[in-house]
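What follows is a single structure, written as structure tokens, with notes after it.
The values are calculated or read from the model by the stated rules, or taken from the named source; none is laboratory data. From a predicted model like this one, the values you see are computed outputs, not experimental measurements. Positions of Cβ are backbone-derived with ideal geometry, glycine not excepted, and every protein chain shown enters the neighbour counts. For accessibility, only protein heavy atoms count, side chains too; no ligands or nucleic acids. Shrake-Rupley method; radii C 1.70, N 1.55, O 1.52, S 1.80 Å.
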Amino acid sequence: MNNTALVVGATGIVGSALIRELRAAGWAVHGLARSPGALPAGVGAVAADLRDAQATRDALAGLAPTHVFITTWSRQANEAENIRVNAAMVRHLLDALRPAGSVRHVALVTGLKHYLGPFEAYAQGALPQTPFREEQPRLDVDNFYYAQEDEVFAAAARDGFSWSVHRPHTVIGAAVGNAMNMGTTMAVYATLCRHLGRPFYFPGSPAQWNGLTDMTDAGLLARHLLWATQTPAAFNQAFNVVNGDVFRWRWMWERIAAWFDLEPAPFTGEVRPLEQQMANDAAAWSALAAEHGLREPDIHRLISPWHTDADLGRPLEVITDMSKSRRLGFLDYQPSDDAFFALFAQLRAQRLIP
């Protein structure tokens, strides 16, 4: 059967990687974003603000995708607003696609806040034991991930399509203007430390420095999304998605420092948030971008220190179980240090860092 994908969040880290994967697999692809800009050749651009139900219906009129991949969200001032806005975005999207009757599968990308709680209560209170496993119940707390899932479940029951939910850990990949981008944030931070002669401090907590953790490469996540649409045993299932290795930041930080020809500053146990360290770096980055002919002089289009601080400041060890996917046949593996190095090389090749 012919497959036509609608990738929602086409310009983000996950959406960009997924579009490449789908095109390589021979799919017809449409990419939806509020400002899709120049998407890869052969990808249909759909400009829509999913917060607006009528505008969403207008933008999707005449489109008949077989598979929908939801890889975006909209950050709001508090969790109540996150729930209201992000649930409505999913609902508006699936309602707009309903008249065509073409959708066979919807894949939703969420994340480990499913287990750790929303930003307002992140990694606080009674949390499930690690490694996190998909069968662990929802936390007894409001969470926009749960609201997004419930919208997908309700539409699937109504319209008869299958679904999958994908829960990555922190995603390593390239995008400009992304709300959560640890890899590029670290690349900009390291570049500024080298350029300005500042210490390259690990910004996080002793628990993250010493504990085990894992991450998710955007390319591996894209392959998992495609796999779930082609594996009937994966239909109507939720999956953790991580690279398959585990590491400690005290090891990874040295690896990242070496890539940028830096000596890491000794870790004393003091938390040094990037949001504070980089608060006044906009002018320095703009000058560095002009000096080296970089494509993006606006540091705020590249970094998300608040998100990196949330991940690296957690007071507990966070690792994720992948057994469910392995048992069903998804065996891909990606060393996380290689994922960082490939990202840094890509950023340099794209003239986003010198």
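For segment 301-333, residues that are within 17 Å of the chain's Cα centre (by Cα), of a type in the set (S, T, N, Q) and surrounded by fewer than 21 Cβ atoms within 10 Å (Cβ to Cβ) total 1.
Looking only at segment 104-122, count how many residues are part of a strand (DSSP E or B) and not aliphatic (A, V, I, L, M). Outline the logic, then answer.
First pass over segment 104-122, keeping only residues part of a strand (DSSP E or B): 105-109.
Next cut, not aliphatic (A, V, I, L, M) only: 105.
Here the count works out to 1.
Taken together, the residues in segment 314-336 that are among the hydrophobic types (A, V, I, L, M, F, W, C), at pLDDT below 95 and farther than 14 Å from M215 by Cα amount to 1. Among residues of segment 14-32 that are under 21 Å from H92 (Cα atoms), those with a Cβ under 9 angstrom from a residue that is open to solvent by 10 Å² or more (accessible area, probe 1.4 Å) and in a helix (DSSP H, G or I), sequence gap 6+ or separate chain, pair up as V29/R23; G31/S16; L32/A59. Report yes if R250 is assigned to a helix (DSSP H, G or I) and surrounded by fewer than 19 Cβ atoms within 10 Å (Cβ to Cβ), otherwise no. Yes. When each of Q76, Q54 is tested for being among the polar types (S, T, N, Q), out of contact with any strand residue (DSSP E or B) (no Cβ under 7 Å at 6 or more places or on another chain), open to solvent by 20 Å² or more (accessible area, probe 1.4 Å) and under 23 Å from N181 (Cα atoms), the lone residue that passes is Q76.
Note on segment 101-118: residues that are in contact with a helix residue (DSSP H, G or I) (Cβ under 8 Å, 6 or more places away or on another chain) and either of a type in the set (S, T, N, Q) or surrounded by fewer than 17 Cβ atoms within 10 Å (Cβ to Cβ) (or both) total 2.
For V90, the criteria (1) surrounded by 19 or more Cβ atoms within 10 Å (Cβ to Cβ); (2) part of a loop (DSSP other than H, G, I, E, B) hold in every case but one, which is (2).
Table: residues versus (1) touching a residue at least 24 places away in the same chain (Cβ under 8 Å); (2) over 24 Å from H195 (Cα atoms); (3) of a type in the set (V, I, T); (4) not in a loop (DSSP other than H, G, I, E, B).
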position	(1), (2), (3), (4)
F239	yes, yes, no, yes
A258	no, no, no, yes
E270	no, no, no, no
N280	no, no, no, no
A284	yes, no, no, yes
R295	yes, no, no, no
H300	no, no, no, yes
F344	yes, no, no, yes
L352	yes, no, no, no
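Exactly one residue out of A238, A175, A218 is of a type in the set (G, A, S) and more than 11 Å from the chain's Cα centre (by Cα): that is A238. Each residue in segment 1-40 was checked for being open to solvent by 50 Å² or more (accessible area, probe 1.4 Å) and either basic (K, R) or closer than 20 Å to V171 by Cα (or both), and 5 pass. Do we find that N243 is buried (at least 16 other Cβ atoms within 10 Å of the Cβ) and part of a loop (DSSP other than H, G, I, E, B) in this structure? Considered against the rule, which asks whether it is buried (at least 16 other Cβ atoms within 10 Å of the Cβ) and part of a loop (DSSP other than H, G, I, E, B), N243 comes out as yes.
Looking only at segment 130-160, count every residue that is assigned to a helix (DSSP H, G or I), open to solvent by 30 Å² or more (accessible area, probe 1.4 Å) and not aromatic (F, W, Y) and tell me the total.
First, the residues of segment 130-160 that are assigned to a helix (DSSP H, G or I): 144-159.
Going one step further and asking which of them are open to solvent by 30 Å² or more (accessible area, probe 1.4 Å), we end up with 150-151, 153-154, 157-159.
Subset that is not aromatic (F, W, Y): 150-151, 154, 157-159.
Qualifying residue count for the region: 6.
Inspect all residues belonging to segment 193-214 and state whether any of them is aliphatic (A, V, I, L, M) and open to solvent by less than 20 Å² (accessible area, probe 1.4 Å).
Narrowing segment 193-214 to residues aliphatic (A, V, I, L, M): 196, 207, 212.
So of that shortlist, the ones also open to solvent by less than 20 Å² (accessible area, probe 1.4 Å) come out as none.
Checked against the condition, which is being aliphatic (A, V, I, L, M) and open to solvent by less than 20 Å² (accessible area, probe 1.4 Å), segment 193-214 yields no hits at all.
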